[in-house]
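Reading through the structure tokens given below for one structure.
Bear in mind these aren't lab numbers, they're just calculated from the coordinates by the rules spelled out. No experiment lies behind these values; they were computed from the predicted model shown. Reconstructed Cβ throughout: ideal geometry from the backbone, glycine too, with neighbour counts over all protein chains shown.
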Amino acid sequence: MTAVTQLRGSRELLSNLTMREVRGKYKRTALGQLWSLINPLAMMLIYTAVFGQVLKIQVPPGHPSGLKVFALWLICALLPWNFLNSAISGGMGALVGNANLIKKTYFPREVLVAATVFSWDITLLTEMGVLALVLVAFGGMPLPWLPLVVVFIALLTLFALGLGLALSVANVYFRDTQHFVGILMQLWFYATPIVYPITYVHDKAQHLKARGWDIHLEFIYRLNPMERFTAVFRNLMYDNRWPTLGDSLYCVGAAVISVAIGYWLFMRFEGRMAEEL
Amino acid sequence: MTDSAIVVDDVSKRFRLYHQRNQSIKAALMRGGRASYEEFWALRDVSFEVPVGARFGIMGTNGSGKSTLLKCIAKILRPDAGRISSTGKLSALLELGSGFHPELSGRENVYLNGSILGLSKRQLDARFDEIVEFAGVEQFIDQPVKNYSSGMYVRLGFSVAINVDPDILLVDEVLAVGDAAFQDKCMEKFAEFRRAGKTVVVVSHAMGTMRTLCDRVAWLERGNLVEVGRPDELIDRYIDEGHSSRVDAEGGSQWGSGEAVLSSVAFIDATGQPITKVRTGDEATIRLTYDAHERIDKPVFGLAIETLEGVYVWASNTRDADYVPDCIESSGTVEFHIPRLMLLPGTFDISASIVDYSTTHVYDFRRHCYRFDVDHGTPRESGGLVSLGGEWQNLRSTENT
């Protein structure tokens, strides 16, 4: 509870630091904040070309929305993933990047990590807003679901914040954390059904089972919280229906556990931070 | 004694000196654990209290742990043992402008840095003009701070920090920022602070600053607290014990055996108040205040003036001027009266000394202990260091008519 009150006390600082991140991100670029839309668009085009066209991945049509566009199906999960990726790598570097500040002034240091994570929220919210309009243009009806989308963005933020907090202190003590995490994130990306549907995993599991390998592949696979988040965001944005209760609860659980452990670790190692930096 | 603003209770701080730093997992794994390091106690069982409204000084040589202690009070470092508690809002002037983001404008940075220091947007709105005016960067406030000169950068940082309106101000040797005019403003601000009954903690090894600014000092040596007490006694003992020669923050220095010391050196006005600005051609007086701890026969007082660049402009002493008292025994003053100051506009440093009659034994020497500015006055001459007070005359043509 003290964490929450402390965070509230530094709300002003948090919002100022967040805006610093947002403004600083695309400073001195001609296109400015437009880059936050161009980047995912480019990724979407590349992945669509590779996975949709070349590898011809088949995706189930949205139900009940009736949408059947690979690029849109992809980006509904790609945007939350991009957020997680940027928030974790940004949050992880927040302490080392602000070493000067930490060594010379006192303020609740977790605010630095939180501000970086929240700055990517601004990006994600804009992107999701634009995506909703595009989906409407293609005949979907995501608008009534947007409040729920915001709720799950909040959960995803907590999830990312917990990881960011834990990794940011780890990065103070071991600078190769960031490189290591870079590789893990790639692995995690392909271990999550973002560029392919979960049915592929299901088919593979059946296939293995038929050959006598009953290793609960799908069960293990679905332990990944990002799999659940991906499913939920697709349900809301692409399919336009309620996410399953199981997925929703799993997301809540993952967010709470992540932020609790992350915060605990952060507080534990925060004391000697100024001298280790 | 009144309530305590800061209570330092049995505080120890240990640093790790790494032989080989592992900031890589590989190195950690290969060495089978954390890096090998030696422990070093920067502070050891330090306890004292700072009363509310005190101007508290922490003195000590380099490596005595005084900056570490200040950082512990500022909560930047966490002590390994003991507790530090403080009441009221705390603002630390450690490195000015350290929270600035180079790409953002001065205005954005004021808001950002202000909120790091704990001000709300509304409070910042109210103080914004004052902050900017104090720093003297009005014209540049919407420029990115990376285009600022280092002086502007520091001034703006100082201005934000001091306008936080803290109950406790921690200062680490940053009084030497900016030009003389800005320093005057800072001193004024500190005086204002004092009048408002706020607590100031200063870390310095400039003994002059300590003497004039503090009403209580703590003496640290190698992480241990030697004593807390009144500045005059403690500083004298500190100097007696051979800590008397070192370069201080202003680039000046002080040395001497300390039987008699100069406690202040200043230009004074007609009412005896110290001034740092005089005009060419003005009548001016330099007053030396001394403290003699024992009887000293035939002391010689000396004064010298140099420019900021170190050009030796002038010097005089009481022996050459044939003004030597038989002896001094306690404290007192001596003045050098200048009927017409013949320096042209510029900034100058004064050095002062007390030596014995042979001028070979130095009781106290203060290099660059006072800085003053000379402004335009009369006579108005075009350039250089000194006014010759002459006049142009006798224009006549030599051509025969």
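Data for the structure
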| item | result |
| --- | --- |
| Other protein chain Cβ atoms within 10 Å, averaged over every residue that makes up A:13-20 | 5 |
| Inter-chain Cβ neighbour average for residues A:94-107, partner chain, 10 Å | 5 |
| Among A:80, B:292, B:344 - extreme Cα towards positive end, dipole of the protein assembly as shown, charges at beta-carbon | A:80 |
| Of the chymotrypsin sites (Phe, Trp or Tyr not before Pro) in the range B:362-400, those whose Cβ has at most 12 other Cβ within 10 Å and which sit in DSSP loop | B:392 |
| Dipole magnitude of chain B, debye to nearest 20 (Cβ charges: Lys/Arg +1, Asp/Glu -1, about Cα centre) | 1900 |
| Top of B:314, B:219, B:41 by mean-square fluctuation, Gaussian network on chain B, Cα under 10 Å | B:314 |
| Intensity falloff of chain B expressed as log10 I(q)/I(0), Debye formula with alpha-carbon point scatterers, at q = 0.12 Å⁻¹ | -1.09 |
| D (Stokes-Einstein, µm²/s), Kirkwood Cα radius, the protein assembly as shown, 1.306 mPa s at 10 °C | 53 |
| Share of Cα-Cα pairs in chain A lying beyond 27 Å, as whole percent | 43 |
| Relative contact order (percent, whole number), the range B:256-375, Cα cutoff 8 Å, 6+ residue spacing | 35 |
| Inter-site label distance for residue B:358 and residue B:314 at 7 Å from Cα along Cβ, in nm | 3.1 |
| For the protein assembly as shown, share of DSSP beta bridges that run antiparallel, in % to the nearest 5 | 80 |
| Relative contact order of the range A:118-277, pairs being alpha-carbon contacts under 8 Å that are 6 or more residues apart, as % | 40 |
| Taking N as its residue count, the alpha carbon Rg of the range B:256-375 over 2.2 N^0.38 Å | 1.04 |
| Along principal axes, Cα extents of the range B:47-243, largest first, whole Å | 51, 35, 30 |
| Cα gyration tensor category, rounded, prolate or oblate, for the range A:144-250 with a/c compared to 1.5 | oblate |
| Amide H contacts of residue B:226 (H built 1.01 Å from N, under 5 Å, at least 5 apart or other chain) | B:219, B:220, B:221 |
| Taking the range A:2-276 and dividing mean pair separation by its residue count, relative contact order in percent (alpha carbons under 8 Å, at least six apart) | 27 |
| Approximate shape of the range A:233-277 as ellipsoid semi-axes (Cα gyration tensor, √5λ), whole Å, largest first | 37, 12, 4 |
| Computed Kirkwood radius, in angstrom, where 1/r is averaged over Cα pairs of the range A:1-148 | 17.5 |
| Choice from B:258, B:346, B:389 showing the highest fluctuation, given a GNM over chain B with Cα pairs closer than 10 Å | B:389 |
| Span per principal axis, largest first, for the Cα atoms of the range A:61-116 (Å) | 57, 16, 9 |
| Under-5 Å amide H pairs with residue B:279, H placed in peptide plane, nonlocal only | B:375 |
| For B:76-83, mean number of other protein chain Cβ atoms within 10 Å | 3 |
| Helix-derived mean residue ellipticity, 222 nm - over the protein assembly as shown, DSSP H n ≥ 4, -39500 (n - 2.57), to 500 | -13000 deg cm²/dmol |
| Cross-link reach list, aspartates and glutamates versus residue A:103, counting only Cα pairs under 13 Å and skipping chain neighbours closer than eight places | A:270, A:275, A:276, B:95 |
| Cβ crowding within 10 Å averaged over residues, with A:69-79, B:302-312, B:194-204 ranked highest first | A:69-79, B:194-204, B:302-312 |
